[in-house]
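**Q** I'd like to ask some things about the structure below.
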Amino acid sequence: MNKNTLILVVEDEDEIAEILMSYLERSGMKTLRARQGEQAITLNRLHKPDLILLDIHLPVCDGWSVLTTLRQESSVPVIMVSALDQDVDKLMGLRLGADDYVIKPFNPSEVVARVEAVLRRTKPALQQAGSLPLRTPFITVYPDDFYVEVTVGEEVISPVLTTTEFKLLTWLVRYPRKVCSREELLNACLPEGDTLDRTVDSHMSKLRKKLELAGLYGVPESIRGLGYRLGEKK
């Protein structure tokens, strides 16, 4: 891992924060800590971390509120950390834009592995240095810059996507006519350990809504019983 990789640990419990930071630093990463939600938002703006480990139960401003604010202004990868081991909580995190979800009590080495996995997906193998933009008549993806342009008429808009949404869109733009199965998309674009088809559906729904806000409708296209393809602009 790059020694300049910066992880923001958002955790109000000192012992847990110290363990996480110790293991991350032992793996070659730098760390920064926030004890509550508003501080996390401020530190993200100031220091632009490569990834945020975000506890849900925080004083004053909880993790859900922090994540909502982050997704309005940033595409920084976020891993939620919580004692809530329920599918509904995991899906809520994914719908709000989280990239992964860790349950307390956790193995610190597993958390480090998940951090490394999410960071690898930020610039996956298909996004090689010097790679050319991927273009369709209405979407341009810049893999090296983690940047998307949506062109509708004379207007060009750049929606803010999560790492998983960006990876999904990049995959579909690379193969615009192909119908990609949920299994293929799970293996290529989503966090290790996520094996639910509805996880793909949740991310695709969020991606579609963001593209609709940019003026692009019907993308990605859901193919009943098969999966997804990029689809045509409506």
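**Q** Sort through ASP50, ASP14 and tell me the only one that's without any contact (Cβ under 8 Å) to a residue 24 or more places away in the chain, open to solvent by 10 Å² or more (accessible area, probe 1.4 Å) and among the charged types (D, E, K, R).
**A** ASP14
**Q** Go through (1) modelled with pLDDT under 90; (2) surrounded by 20 or more Cβ atoms within 10 Å (Cβ to Cβ); (3) out of contact with any Gly (no Cβ under 6 Å at 6 or more places or on another chain); (4) under 17 Å from ARG95 (Cβ atoms) and name the single condition LEU186 misses.
**A** Condition not satisfied by LEU186: (2).
**Q** If SER75 meets every condition in (1) touching a Ser or Thr at 6+ places or on another chain (Cβ under 7 Å); (2) surrounded by fewer than 16 Cβ atoms within 10 Å (Cβ to Cβ); (3) among the polar types (S, T, N, Q) apart from one, which number is that one?
**A** If we test SER75 against (1) touching a Ser or Thr at 6+ places or on another chain (Cβ under 7 Å); (2) surrounded by fewer than 16 Cβ atoms within 10 Å (Cβ to Cβ); (3) among the polar types (S, T, N, Q), just (2) comes out false.
**Q** Of all residues in segment 207-230, how many are at positive phi and assigned to a loop (DSSP other than H, G, I, E, B)?
**A** Count: 3.
**Q** If you don't mind, there's one more thing I want to ask. Would you confirm, using the coordinates I've provided, whether LYS30 is closer than 17 Å to VAL112 by Cα, open to solvent by 40 Å² or more (accessible area, probe 1.4 Å) and not polar (S, T, N, Q)?
**A** For LYS30, the condition - closer than 17 Å to VAL112 by Cα, open to solvent by 40 Å² or more (accessible area, probe 1.4 Å) and not polar (S, T, N, Q) - is met.
**Q** Another question about this same structure. How about segment 128-180: which strands (runs of 3 or more DSSP E) wholly inside it have at least 2 residues that are under 15 Å from GLU212 (Cβ atoms) and open to solvent by less than 50 Å² (accessible area, probe 1.4 Å)?
**A** Hits in segment 128-180: 147-152.
The values are calculated or read from the model by the stated rules, or taken from the named source; none is laboratory data. Remember, predicted model here, so these are calculated numbers, not experimental data. No Cβ is skipped: glycine too gets one built from the backbone with ideal geometry, and neighbour counts run over all protein chains shown. Remember, those area values only see protein heavy atoms, side chains included, never the ligands or the DNA or RNA. Shrake-Rupley method; radii C 1.70, N 1.55, O 1.52, S 1.80 Å.
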